[in-house]
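The values are calculated or read from the model by the stated rules, or taken from the named source; none is laboratory data. None of the values given here were measured: they were computed from a predicted structure. Ideal geometry is used to build each Cβ from the backbone, glycine not excepted, and the neighbour counts take in all protein chains shown.
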There are 2 protein chains.
Amino acid sequence: MAVDSFDVHELAAHKDEFAKAYEELKSRNLSLNLTRGKPSSEQLDFANALLGLPAPDYVSASGEDVRNYGNDKGITDIRAIWADLMDLPVENVLAQDASSLNIQFDLISWAMQFGNVDSERPWNQEPVLKWLCPVPGYDRHFAITQHFGIEMIQVPMNEDGPDMDVVEKLVAADPQIKGMWNVPMFSNPTGVTYSAEVCRRLVQMETAAPDFRLMWDNAYMVHTLTDEFPEIHNVIAWAEEAGNPNRVWAFGSTSKITFAGAGVAFYASSKENLDNYLAHAGIRGIGPNKVNQLAHAKFFGDAEGVREQMRRHAGSLAPKFDKVLQILDSRLSAYGVAEWSKPTGGYFINLDVVDGTARRVVELAKEAGIALTGSGSSFPLKQDPNDRNIRLAPSLPPMEELEVAMDGVATCVLLAAAEKASA
Amino acid sequence: MAVDSFDVHELAAHKDEFAKAYEELKSRNLSLNLTRGKPSSEQLDFANALLGLPAPDYVSASGEDVRNYGNDKGITDIRAIWADLMDLPVENVLAQDASSLNIQFDLISWAMQFGNVDSERPWNQEPVLKWLCPVPGYDRHFAITQHFGIEMIQVPMNEDGPDMDVVEKLVAADPQIKGMWNVPMFSNPTGVTYSAEVCRRLVQMETAAPDFRLMWDNAYMVHTLTDEFPEIHNVIAWAEEAGNPNRVWAFGSTSKITFAGAGVAFYASSKENLDNYLAHAGIRGIGPNKVNQLAHAKFFGDAEGVREQMRRHAGSLAPKFDKVLQILDSRLSAYGVAEWSKPTGGYFINLDVVDGTARRVVELAKEAGIALTGSGSSFPLKQDPNDRNIRLAPSLPPMEELEVAMDGVATCVLLAAAEKASA
């Protein structure tokens, strides 16, 4: 949202003061990093029991030896836990390796090469391909569609999800729009959770493309910062009820629940979509790492075990988010030079600064030894049309570093705004 | 090789005797399986320490926290061990997830979509694509090229590798031949190890295609059945010396060393090829499972630790191979109805029966409760032109079952040959 409640003359008058604060900041020779949504060491420690699992066991609940080849769907032990969390029958959920990003990439790659179950032709044979991108959004999503040469159309994000009037109009009119990125809960970076109504409209809407797909990356579905876990909307069931059974490709993963780099990824969809995926995945390999899956199943026990783990994360993360919000409020509110999200879950705080200054803020911070995510990175092709948006990732640094870094960022936001006001 | 040293009249004379033996076999109601090259429980037990690793550690030799995101190349700890085994600088070896089949599939998939570093265009834009397939070979290799619609050209296997006169002539003449499958050591299913001369000729030969690739699946490079480990030919260095630095995509994995279904896969190639791979893999995901990599590095210690583990496997496998060879010899030699390999490594015994009877042997065995790999499965499109080849996989069954099953197979080979002789 546009930041426009500042007083140009007041800002300009403070420029020297802000510049002096910035010089002091630079003189401290900091080396701090707020770039990535990585869990901290403290958070990773919550899962350290996994380092020694699944010893001494190697047999799944259904009696298979997880050490050997086989079972391209993943073991039921872990699939059942995610099916429970996602309110789906276990048959609709596959457990695969690493992060769900891999599966998202493969699904698009294979749709390009082979088409989907409801495609008229492989996507490679379409004259042009387009994709809806709610903005700001997840940079790695946009990187995938960019990689495959898919044209990205920006859609505004509202408080309850993407602007559905815009979405419905676009997909109804253009058969070349083949899909849409979604992080439906505690969205990256806005923290927005889609309302039930938005979810319903997405699965019900008329699409000109018969093989339109909702990429439903539920990466943060249990990543609360409070004691509450929001309801998970069962879009796969709703899509089937609406007569669009194959519309949703849904994902989850343990990446920010146990070990970010050594997780289990989940792909949930219609039976027809899953069968089509397995027809390719079964040629690509002989099945996922079931030892890691059994280790995770033992670590969690059940869906409530996952929620318990997330409460531990919330206990570590919430004070960091509070600290960032407190610094933004105390340093910036009086000048009206920024707006920011106050998320109740997820990994990011979305900071909007005065139009045309986001790039400058990141540059000033960098010169002062504070690495921020590149400006524009939450937009397709990394181009923020208003040069306004900055994604803050509070999770990784220890609290003391976070405090110093955010205070420095506030100084940069003020100076960039004052520079612009004086220009 | 054609089996032609039998005496038709003698065989026909024995038909009733063989038929009687077969009826006795059937009456035992067996349920035995010789289909897949899976390690046995005894072999998997050799790696059970892995179930509790890498606890309590989570830091790599270079100081990175393996629990967190990052490092798309894999950790040096495990890459260095495979680099040592493959006689390569560590920079030329990546450690990735699961089986190397995944990487092979992705490399072909991405060459189709994007082309290689030396391609004139993406392979999808070629009018036709062809691939050399030494036969008999690995069914899952052929399944990948079939999946992408690549035409497969059969090349005969000799004792020292593929028939190079045939190979050189084909690749020099046809720019649409873009690659060739190779299992250069203890090949699947023949057990053949390529000679140094064959390796040299492969990397030196003139190819009409500028972006021709040797798929160098060194899945069995340390899988000896004796005390000896054959020399590993450094084809990547040789290719560079020959002025074809990007010709070789080489692979290894821990799949049949530790846990078949939960391994670490290795991709070795030129820096240019690896960079190109990472440019795609880095969009596909955030890096491989480094926790599993650290567990493997700790389990092995070093390259000699890998060889120690393989000696344990040889101790379990060699008696099974010996038993199969002994039964084949005692039951079949007198009649001249079969030829078979006597491998010193790998996972298979290659059995050639009387032309036109392989399918019948598999069918007879199935009716008697003995599952054999489908006839023809070691050929592209599963079509053995001579209906002669059967792949025996002795590893999985316990010794007693193996003995019963192989004795039954011998009965089926004899009956099928006698049926043909009497027809």
**Request:** Select the helices (runs of 4 or more DSSP H) contained entirely in the stretch A:18-126, then report the ones holding at least 2 residues which are within 13 Å of chain B (Cβ to nearest Cβ) and out of contact with any Ser or Thr (no Cβ under 6 Å at 6 or more places or on another chain).
**Result:** A:41-45, A:100-114
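For the stretch A:58-72, what are the residues that are of a type outside the set (Asp, Glu) and surrounded by fewer than 20 Cβ atoms within 10 Å (Cβ to Cβ)? I'd like the intermediate steps shown before the answer.
So in the stretch A:58-72, the residues of a type outside the set (Asp, Glu) come out as A:58-63, A:66-71.
Those that are of a type outside the set (Asp, Glu) and surrounded by fewer than 20 Cβ atoms within 10 Å (Cβ to Cβ): A:59, A:61, A:62, A:63, A:70, A:71.
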**Request:** Would you mind stating whether residue A:222 is farther than 28 Å from residue A:129 by Cα, at pLDDT 95 or above and not assigned by TED's automatic domain parsing to the domain that holds residue A:373?
**Result:** yes
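Let's see how each residue does on (1) of a type in the set (D, E, K, R); (2) under 18 Å from the mean Cα position of the chain (by Cα):
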| position | (1), (2) |
| --- | --- |
| B:355 | yes, no |
| B:360 | yes, no |
| B:366 | yes, no |
| B:374 | no, yes |
| B:380 | no, yes |
| B:388 | yes, no |
| B:397 | no, no |
| B:404 | no, no |
| B:421 | no, no |
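Tell me, which strands (runs of 3 or more DSSP E) wholly within the stretch A:205-282 include 1 or more residues that are among the hydroxyl-bearing types (Ser, Thr, Tyr)?
Of the strands (runs of 3 or more DSSP E) lying wholly inside the stretch A:205-282, those with at least 1 residues that are among the hydroxyl-bearing types (Ser, Thr, Tyr) span A:248-253, A:264-268.
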**Request:** Sort out which residues of the stretch B:386-415 are without any contact (Cβ under 8 Å) to a residue 60 or more places away in the chain and within 17 Å of residue B:359 (Cα to Cα), and write them in order of number.
**Result:** B:387, B:390
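Take residue A:154 and tell me if it is within 14 Å of chain B (Cβ to nearest Cβ) and either at pLDDT 95 or above or within 16 Å of residue A:212 (Cβ to Cβ) (or both).
No.
Restricting to strands (runs of 3 or more DSSP E) lying wholly in the stretch B:324-423: which have 1 or more residues that are among the small types (Gly, Ala, Ser)? Steps first, please.
Numbers: elements: B:338-340, B:349-353, B:389-392.
Result: B:338-340.
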**Message:** Scan the stretch A:62-73 and tell me whether some residue there is assigned by TED's automatic domain parsing to the domain that holds residue A:265, among the hydrophobic types (A, V, I, L, M, F, W, C) and closer than 27 Å to residue B:282 by Cα.
**Reply:** no
**Message:** If I ask for residues that are of a type outside the set (A, V, I, L, M) and under 21 Å from residue A:317 (Cβ atoms), which ones from the stretch A:378-400 would you list?
**Reply:** A:378, A:391, A:394, A:395, A:397, A:398, A:400
**Prompt:** Would you pick out the residues in the stretch A:167-190 that are more than 20 Å from residue A:145 (Cα to Cα) and surrounded by fewer than 24 Cβ atoms within 10 Å (Cβ to Cβ)?
**Reply:** A:168, A:169, A:172, A:173
**Request:** Could you please give the count of residues in the stretch A:283-312 that are touching a residue at least 60 places away in the same chain (Cβ under 8 Å), over 18 Å from residue B:262 (Cα atoms) and outside any loop (DSSP other than H, G, I, E, B)?
**Result:** 9
**Asked** Got at least one residue in the stretch B:81-92 being touching a residue at least 40 places away in the same chain (Cβ under 8 Å), of a type in the set (A, V, I, L, M, F, W, C), buried (at least 23 other Cβ atoms within 10 Å of the Cβ) and touching a Lys or Arg at 6+ places or on another chain (Cβ under 7 Å)?
**Response** no
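For every residue, the table says whether it meets (1) touching a residue at least 60 places away in the same chain (Cβ under 8 Å); (2) of a type in the set (Val, Ile, Thr).
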| position | (1), (2) |
| --- | --- |
| B:115 | yes, no |
| B:120 | yes, no |
| B:133 | yes, no |
| B:155 | no, yes |
| B:169 | no, no |
| B:181 | no, no |
**Request:** Please find, among A:270, A:253, the residue that is surrounded by fewer than 24 Cβ atoms within 10 Å (Cβ to Cβ), within 19 Å of residue A:85 (Cα to Cα) and not assigned by TED's automatic domain parsing to the domain that holds residue A:346.
**Result:** A:270
**Asked** Just checking, how many residues over the stretch B:286-310 are surrounded by fewer than 23 Cβ atoms within 10 Å (Cβ to Cβ), in contact with a Ser or Thr (Cβ under 8 Å, 6 or more places away or on another chain) and of a type outside the set (Phe, Trp, Tyr)?
**Response** 3
**Asked** Failed condition for residue A:159, given (1) over 17 Å from the mean Cα position of the chain (by Cα); (2) away from every other protein chain (no Cβ under 14 Å); (3) acidic (Asp, Glu), with all others met?
**Response** (1)
**Request:** Among the numbered conditions (1) within 14 Å of chain A (Cβ to nearest Cβ); (2) at pLDDT 95 or above; (3) crowded, with 18+ Cβ neighbours inside 10 Å, tell me where residue B:130 comes up short.
**Result:** (1)
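Which ones in the stretch A:387-402 are buried (at least 17 other Cβ atoms within 10 Å of the Cβ) and either touching a helix residue (DSSP H, G or I) at 6+ places or on another chain (Cβ under 8 Å) or of a type outside the set (A, V, I, L, M) (or both)?
Going residue by residue through the stretch A:387-402, those that are buried (at least 17 other Cβ atoms within 10 Å of the Cβ) are A:387-397, A:402.
Listed by number, the residues that qualify are A:387, A:388, A:389, A:390, A:391, A:392, A:394, A:395, A:397, A:402.
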**Prompt:** Say we look at the stretch A:286-305 and pick out the residues that are out of contact with any strand residue (DSSP E or B) (no Cβ under 8 Å at 6 or more places or on another chain), within 7 Å of chain B (Cβ to nearest Cβ) and modelled with pLDDT of 95 or more; which of these is farthest from residue B:101 (Cα to Cα)?
**Reply:** A:291
